[in-house]
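Working notes, beginning with the structure itself.
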Amino acid sequence: MKTRQLAKTNKQFVVNLKFICLLLMFTPLLLLIHQTPSSLTQPFTVTPSLTPTNVIYTPSPTWTPTLSPSPIPTLTVPLTERSPITITNANQIGKFRSWQVTGDGFTSLSFSPDNAYLISTGNASEQTEAVRFWNIQGQDVTSTENLLEDFPRTASAVNARFSSDGQRFIAMVGMIGIWDVQNRELIGRFYQDGASMATFAGDNTSVLVAGGYQVALWNIAADIPTPNETTPSTADLDFDPFGVLITALQTSEAVIDVAFDPISYQGFILTESGRLYRYSNPEMRGTITVIPQEPQPDAPQPIYSSGNRLALDTTNYRAAYAGSHNDVIVYDYLNNQTLARFPLDVPVNCITYNSTGELLVIGDWAVESVLHIVSTATWETIAQINTGEILSRCAFSPDGTLIATGSSEGALVLWGIPSSSANGG
């Protein structure tokens, strides 16, 4: 009798164990991986609830364009003769400058905080650098220099961004390189397997690097004496040791974009399912929350292309990001509420704010991509720019006078509005 009861108990234990294993396999959590320094390992929790009590949803505005796309005139005025793009004049935008840079398209665009430079990245060739540095301070754009003397000539770059103080910029060229803006000198470089995007974090002494199913935070305040021996393929790389790993996370789905708010010290991670994760600890440890979303009637679609799908308005604490329903969701991360949702007929390809947060620009992914310019005061579309290209990237200049777009076929355009003096006013 005791043997039969014991067998029954063991059988129930095995069933319960299998059930627990299944739950663990299908729970979409972010977990610490083995690369995390042992001194930093600690319990790491994720809050995956999609219906917290402190979230209030407002009705989503209907996507009804007020202006039809039309051919955009090309301007012949000096680049210095431009006015800020505002709610009242956005429908007057024209082309200030345009170039055919490379036939393989752009992977990132970034303005310097002082509006003096624009960095673009893409695939390199014998005629085209992977990282191009554009000087936009004068009446016209000056030619760029090759910043990749310490990298292979045919290397391809997938991301470049300025630090918030404008003193450094980071670029992904196989390895992660960090340059000094003033003298254009390479400060240091380090390696993270599969990395495809990066942004400065904290007080610009650390960088958030992501790619594939991994997100890592690196300290770049000081050099390290030797390369990290645990890093894959380190022995085959010729580079100066730089950067100390602080924290590394393994995600259950591919990372699409990352962003960091240097004012509130909050970081954001967007994954291929349209989920937006937020963390508030400067070292990316502790609780990571999932931003709640409204259920949609149609089936979700994964986001296949990474980068430029997440933008922060740090003035008003708003995050705009691509969802999984060909839509853009605007989330107030100060008051924890969704402010607006914009559904499109085609996938979203780029998102950017102006510096005041008054204008939100959404680029769609079509044969003739359209830039939708939205007023964040009313959540209405106030202008549409028919770019005539398949957009891959877009960026708003910090002074609010230029919108840069890059196409999948290598067309770079600076959009803006001429000042009254340029129009003879």
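What follows draws every value from the coordinates through simple rules; no lab data is involved. If you're wondering where the values come from, they're calculated on a predicted model, not measured in any experiment. All Cβ positions, glycine included, derive from the backbone under ideal geometry; neighbour counts span all protein chains shown.
Brief remarks on what is shown
- Local electrostatic count at residue 387 - Lys and Arg +1, Asp and Glu -1, tallied over other residues with Cβ under 15 Å: -1
- Under the simplified labelling scheme, the residue 420-residue 183 pair shows an inter-label distance of 4.5 nm, with each label point 7 Å from Cα along Cα→Cβ.
- 245, 371 arranged by Cβ crowding within 10 Å, fewest neighbours leading: 245, 371
- FRET efficiency estimate (nearest 0.05) - Cβ-Cβ, residue 74 to residue 283, R0 51 angstrom: 0.55
- Per-residue ³J(HN,Hα) for the range 285-301, Karplus 6.51 cos²θ - 1.76 cosθ + 1.60, θ = phi - 60°, Hz, x for Gly and Pro: 10, x, 8, 10, 9, 9, 5, x, 9, 6, x, 10, x, 8, 6, x, 10
- R0 of 56 Å, Cβ-Cβ distance residue 142-residue 334: FRET efficiency to nearest 0.05: 0.90
- Under a 5 Å amide H cut-off, with hydrogens placed 1.01 Å from N, residue 301 pairs with 325, 326 among residues at least 5 apart or on other chains.
- Cβ crowding within 10 Å ranks 405, 381, 247 as 381, 247, 405, fewest other Cβ atoms first.
- Backbone amide hydrogens, once placed in the peptide plane, bring residue 257 within less than 5 Å of 270, 307, excluding anything fewer than 5 places away on its chain.
- Fully extending the segment from residue 356 to residue 116, taken as 0.36 nm per residue of separation minus the present Cα-Cα distance, adds 84.5 nm.
- Stretched out straight at 0.36 nm per residue, the stretch from residue 296 to residue 273 would grow longer than its current Cα-Cα span by 7.0 nm.
- Ranking of 325, 372 by count of other Cβ atoms within 10 Å, fewest first: 325, 372
- Annotation for residue 135 and residue 399: the two label points, set 7 Å from Cα along the Cα-Cβ direction, are 1.6 nm apart.
- The residues neighbouring residue 416, those whose beta-carbon lies less than 13 Å from its own, together hold a net charge of +1 under the Lys/Arg +1, Asp/Glu -1 convention.
- The range 241-267 versus the range 166-188: alpha-carbon centroid distance in Å: 18
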